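In what follows, a single structure is set out as structure tokens and then discussed.
Every read-out reported here was derived from the displayed coordinates using simple, explicitly stated rules and does not represent laboratory data. Because the structure is predicted, anything quoted here is derived from the model rather than measured. Note that we place each Cβ from the backbone using ideal geometry, even for glycine, and neighbour counts take in every protein chain shown.
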Amino acid sequence: MPPAPSFSSIQLGLRASARVPARAVLFPTSAHLHTSPSLSLPDTPKAKAPKDGKEAVDPAEDPKTGGEGFFGALFYGSKEAKAEGLVENAHGQHSKLVGRGKYVHEKITHAVIPSQRDAYVQAAEKYFRALIEHNGELGGVKLTGSWEAIVGDVGTFTHILEYEGYKGFDETYRALRLSKEMQSLQSEILPTIISRHSQLLSEFSFWPSSPPHDSGFPDGGIFEMRSYKLQPGKLLDWEYAWRRGLEARRRFVQPVGAFFSQVGHLHEVHHIWQYPDMETRKHTREQAWSVGSWSDTVQETVKLAQSMESTILVPCSWSPLR
């Protein structure tokens, strides 16, 4: 009988929610996260409110009009960047207009057999800790975090990996195929899972991921992952609405990160928040409604999204982000 195929994130990542055959192989996972600081937006002048009472946007700042102010430059690039050919024009690819571009992230979801939950945790911890220890030999892949769902699709585990662009993704794929140690550790996970799904994601330029840290919350607190299926072609509008809305939410809670899909299920957006507990989450969300721009963001989100999902997660013991 020929040997079982090697386990890689490409094999697992590009097939959505497939049943795991007896000879299937898992996918890569990783080490510590990059240390990009949270990006604060500078104060910008506000336009005068129009007669209808709604907040107006200064045309010089409005990316939809190709403004050359702060927001316009962030969406479509400053005059200097355009002159140097560093960005595309306003009619360019949306992912290049709104994405940070430096990293590629992989969102991996495992559906675990209920009776195998403890066995999965034990096997996954061995695998991920090995990746953390040997990530330099495995293309430099890093582990952003690992979580277990407690509300939503209970029994699923989510892992987010970070690569130094698609080149880093390719290097990790090749290195994992050649590592007998990692293949052996991966084989211990396979019998515990029902299905797997993977997406390759990009960060939004205005919302970089948090660096590895321990929040000090009991057991790492809780994380909320909110996922949106957008109408095709509405990514730029979503980014514009949430750039403003994020500042309203940031007054009360520090965001963890936001991503949009590029491979796998397309037209999807995920953003992640961290709280000490569910009660604090409730109060924090209520506080955001006291800021006018937040209600505008919610209204725009409803118009742009085909579906929405909220999942409450708790960090695994090995997660760098907790």
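To the nearest 0.05, how large is the calculated FRET efficiency for residue 129 and residue 290 if R₀ is 56 Å and r is the Cβ-Cβ distance? The formula returns an efficiency of 0.85 here. Taking 26 Å as the limit for the C-alpha separation, the pairs 142/234; 102/229; 102/234; 107/229; 102/303 exceed it in the case of 142/234; 102/303.
Computed from backbone phi with θ = phi - 60° and the Karplus coefficients 6.51, -1.76 and 1.60, the 3J(HN,Hα) list for the range 159-168 is 10, 10, 10, 10, 10, 7, x, 5, 5, x Hz; x is used for glycine and proline. Evaluated with a Cβ-only charge set (Lys, Arg +1; Asp, Glu -1), the range 125-279 carries a dipole of roughly 440 debye about its Cα centre, given to the nearest 20. Between amide H atoms placed 1.01 Å from N, distances below 5 Å from residue 151 occur with 312, all of them 5 or more places distant or on a separate chain.
Taking every alpha-carbon pair under 8 Å whose residues sit at least 6 apart, the range 95-315 reaches a relative contact order of 27 percent.
For the range 176-193 versus the range 281-308, the inter-centroid distance based on Cα atoms is 42 Å.
Each peptide in 155-166, 279-290, 128-139 gets a packing score, the mean of other Cβ atoms within 10 Å over its residues, and the list from highest to lowest is 155-166, 128-139, 279-290. The Cβ shell under 14 Å around residue 281 holds other residues with a net charge of 0, Lys and Arg each +1, Asp and Glu each -1.
Distances between placed amide hydrogens fall under 5 Å for residue 205 paired with 99, 100, all partners being 5 or more residues away or on another chain. Couplings for the range 252-263, taken from phi via the Karplus curve 6.51 cos²θ - 1.76 cosθ + 1.60 with θ = phi - 60°, read 10, 8, 8, x, 8, x, 9, 9, 10, 6, 10, 9 Hz in order; Gly and Pro are left as x.
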